[in-house]
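Undergrad: Sharing a structure, written as structure tokens. Questions coming.
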Amino acid sequence: MPSSKSPNKPSRRLLIKTLAALPVVSMPLVASVRTTVAQTPIAAGAGFSFAAVGDTRPMMYLPLKEGQPDLNKFFVEMFGLVMPEKVAEAVVAKDVKMIFDPVTKDLIKVVMPFASKTEVMTLTVDKGWVTEASVEDLKLLPGVHRTMFRLQGGEWVTREIVKDVQSSRAKFVVNSGDAVWWGNQGLTVSDSPYWKRVNDTMLKKLPAPDDEMRAAGLDGRFFMSVGNHEVWADPKIEGVLSAVPYLKKRAGSANSDSSLSGFSA
């Protein structure tokens with residue numbers, strides 16, 4: 001990290017706030033809730049079964065090639081969420097290391113600071129997506145990499161939810177928010193890699209609502225609150241409303257996390 005005398009040195013609190021935006025292990029709290037609800041018989045007219053899930057976002061999408069002129073752009077934008085741009089640029093230039101495949105020139109690994117002075121985080125990248133993140137404490141546990149994120153965890157949860165809705169074990173999905181990383185790389189399903197991923201892996205695989213759901217005012221199979229990640233660089237939540245436009249009918253007052261409310265089962 002920069003010297004304590006450097007004018008570009010960020011405070012430890014700011015750095016921790018930035019890194020706190022990174023997801024912890026991508027295994028949302030859905031399995032036990034979904035299993036209990038989906039496997040319990042529902043009496044006619046008693047209500048709907050549903051799958052509940054939250055914080056399903058992947059980490060940053062980094063389709064970078066060695067030699068690109070704007071290699072540091074996304075990292076500077078991320079650190080710039082909580083610190084001045086010049087400070088973010090200094091941190092990234094000094095402390096973020098990118099490793100590229102010698103043949104394809106694709107980015108395959110990133111090593112960057114974590115929450116304390118002695119911790120570093122390693123991101124493994126495949127086809128632009130971070131597939132795994134681990135943290136090593138160089139002083140206390142050198143050589144020990146603690147896994148904090150695996151993309152395949154979220155992929156498994158998504159597949160299981162889709163199966164349950166397709167088989168009618170669950171009528172719809174309730175997502176508590178943070179389904180995407182941010183809006184800096186595109187806002188809508190057509191231009192955001194994050195919303196396209198949500199659409200491809202979940203939304204377009206869900207069946208259309210049946211007559212019973214429509215009669216209850218449920219015009220889709222996916223209902224979500226809006227987390228801070230949905231509003232980063234997208235304050236008008238264009239991404240959310242492009243992916244699930246029927247939520248416009250259910251939008252009520254926003255809470256402190258800019259969440260849509262006002263819909264119920």
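Undergrad: Would you call VAL125 among the β-branched types (Val, Ile, Thr), under 17 Å from the mean Cα position of the chain (by Cα) and closer than 26 Å to ALA51 by Cα?
TA: No: the conditions fail for VAL125.
Undergrad: May I ask you to list the residues in the stretch 211-220 that are part of a loop (DSSP other than H, G, I, E, B) and touching a strand residue (DSSP E or B) at 6+ places or on another chain (Cβ under 8 Å)?
TA: Within the stretch 211-220, LEU218, GLY220 meet the criteria.
Undergrad: May I ask you to list the residues in the stretch 136-171 that are crowded, with 20+ Cβ neighbours inside 10 Å and not in a loop (DSSP other than H, G, I, E, B)?
TA: Hits for the stretch 136-171 are PHE149, GLY154, VAL157, THR158, ILE161, VAL162, ASP164, VAL165.
Undergrad: Let me ask something else. Given MET112, MET83, MET78, MET98, which one is modelled with pLDDT under 95 and touching a strand residue (DSSP E or B) at 6+ places or on another chain (Cβ under 6 Å)?
TA: Checking each option against the conditions leaves just MET112.
Undergrad: Right, something else. Pick from the stretch 92-101 the residues that are open to solvent by 70 Å² or more (accessible area, probe 1.4 Å) and in a helix (DSSP H, G or I): which of them is farthest from LEU71 (Cα to Cα)?
TA: Among them, the one singled out is LYS94.
Undergrad: Looking at (1) touching a residue at least 40 places away in the same chain (Cβ under 8 Å); (2) not in a helix (DSSP H, G or I), which is the only condition ALA208 fails?
TA: Of everything listed in (1) touching a residue at least 40 places away in the same chain (Cβ under 8 Å); (2) not in a helix (DSSP H, G or I), ALA208 misses just condition (1).
Undergrad: State whether the residues of the stretch 168-186 include one that is free of Cβ contacts under 8 Å to residues at least 24 places away in the same chain and more than 22 Å from GLU230 (Cβ to Cβ).
TA: yes
Undergrad: In the stretch 57-91, how many are closer than 25 Å to ARG197 by Cβ, free of Cβ contacts under 8 Å to residues at least 24 places away in the same chain and open to solvent by 70 Å² or more (accessible area, probe 1.4 Å)?
TA: 1
Undergrad: Just to verify a result, which residue in the stretch 190-218, among those that are open to solvent by less than 30 Å² (accessible area, probe 1.4 Å) and small (Gly, Ala, Ser), is nearest to ASP164 (Cα to Cα)?
TA: Of everything passing the filter in the stretch 190-218, GLY217 is nearest to ASP164 (Cα to Cα).
The values are calculated or read from the model by the stated rules, or taken from the named source; none is laboratory data. Source: prediction; values computed, not measured. Note that we place each Cβ from the backbone using ideal geometry, even for glycine, and neighbour counts take in every protein chain shown. Areas reflect the complete protein model, heavy atoms only, side chains present, ligands, DNA and RNA absent. Shrake-Rupley method; radii C 1.70, N 1.55, O 1.52, S 1.80 Å.
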